[in-house]
1. Residue by residue through region 120-172, note down the ones that are of a type in the set (A, V, I, L, M, F, W, C), more than 21 Å from the chain's Cα centre (by Cα) and exposed (fewer than 13 other Cβ atoms within 10 Å of the Cβ).
2. Scanning for something farther than 23 Å from PHE227 by Cβ, touching a residue at least 40 places away in the same chain (Cβ under 8 Å) and not in a strand (DSSP E or B), does region 62-84 turn up at least one residue?
3. Can you give me the number of residues within region 150-178 that are closer than 22 Å to GLU228 by Cα and outside any strand (DSSP E or B)?
4. From the set of residues in region 179-207 that are part of a loop (DSSP other than H, G, I, E, B) and over 19 Å from the mean Cα position of the chain (by Cα), which is nearest to ASP149 (Cα to Cα)?
5. Restricting to region 45-60, count the residues that are crowded, with 20+ Cβ neighbours inside 10 Å and assigned to a helix (DSSP H, G or I).
6. Could you figure out which of (1) in a strand (DSSP E or B); (2) among the acidic types (Asp, Glu); (3) at pLDDT below 95 isn't true of ASP121?
7. Name the residues in region 1-44 that are more than 23 Å from TYR59 (Cα to Cα) and either assigned to a loop (DSSP other than H, G, I, E, B) or not assigned by TED's automatic domain parsing to the domain that holds SER63 (or both), would you?
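The values are calculated or read from the model by the stated rules, or taken from the named source; none is laboratory data. A quick note: this is a predicted structure, and the numbers were derived from the prediction, not measured. Note: ideal-geometry Cβ built from the backbone for every residue, glycine included; neighbour counts use all protein chains shown.
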Amino acid sequence: MKITFSNASLWKYTILGISKILEEVAIKADKDGIRLRAMDPSHVMLIDLFFPSSSFESYEANSEIIGINLENLSDMLKRAKKGDKLEIVTEGNKFQLKFIGKFSRIFTESTVDVPYQELPDINLEFKADIRLSAQIFKDSIEDVEFLGDNIYFIANESKFTILNESEIGKAIVELDKDSGNIISLVCEGEQKSLYGLEYLESLLYSAEVADIVSIQFSSGIPTKITFEFPQGARLVSYIAPREA
């Protein structure tokens, strides 16, 4: 495999967030693009990161599976500078990153033996569907995260609320449909569900490089959170609810 991507920072932030949840993954590269799809060890969060082949400046890949230690990959990607391009080359059991900018930096690591699992598609019916800027979502989670380890998503036809409460008190962010902070909001009745903060926090890295995030949920079922990136890539995550 040999590929070139115009924005190394996009890889930097998405992989950094995923590395907070997963240690090792198998990445699949084929004619359609590059996919990282895996479940965290506790089976609370499913992550599906996809870069279509059309999002790359150059793309050469046959069907191959590449096992990667995400902590090591994240450490290498942290060296990306603003404006850098990213070149990835695999040969045998070697995985090479090259940052192309004012000067070139090359990092190489050995691949790891991780099987690629074809996880089934998740089909859920969501009664709440909210689209907003990724930065507003990031700011909202950060505004309430100090108070406890779980966060409520609450929605009705006119408002999306993010709530954190504990014995200490409550922290609430309210985003009204007509305030200009929400791109779109569709909701049947009132929906309320509780999710683990650590999983939501891992997604906030992607908000640094995403334009739009969509949040879909219903009371008592997993939430689907989708980040849309400028190059046509996307990160889809499902997070199982916790009991209130």
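1. Residues satisfying the conditions are PHE146, ILE168.
2. yes
3. 1
4. Residues of region 179-207 that are part of a loop (DSSP other than H, G, I, E, B), as a first pass: 179-181, 188-190, 204-205.
Retained after the next criterion (residues that are over 19 Å from the mean Cα position of the chain (by Cα)): 179-181, 188-190.
On the way: SER179: 28, GLY180: 29, ASN181: 25, GLU188: 27, GLY189: 27, GLU190: 23 Å.
So the residue we want is GLU190.
5. Looking only at region 45-60, we keep the residues that are crowded, with 20+ Cβ neighbours inside 10 Å, and these are 45, 47, 49, 51, 55-56.
Checking the rest, the ones that are also assigned to a helix (DSSP H, G or I) come to 55.
Going through region 45-60 one residue at a time, the tally reaches 1.
6. (1)
7. Answer for region 1-44, where residues must be more than 23 Å from TYR59 (Cα to Cα) and either assigned to a loop (DSSP other than H, G, I, E, B) or not assigned by TED's automatic domain parsing to the domain that holds SER63 (or both): SER19, LYS20, ILE21, LEU22, GLU23, ASP40, PRO41, SER42, HIS43, VAL44.
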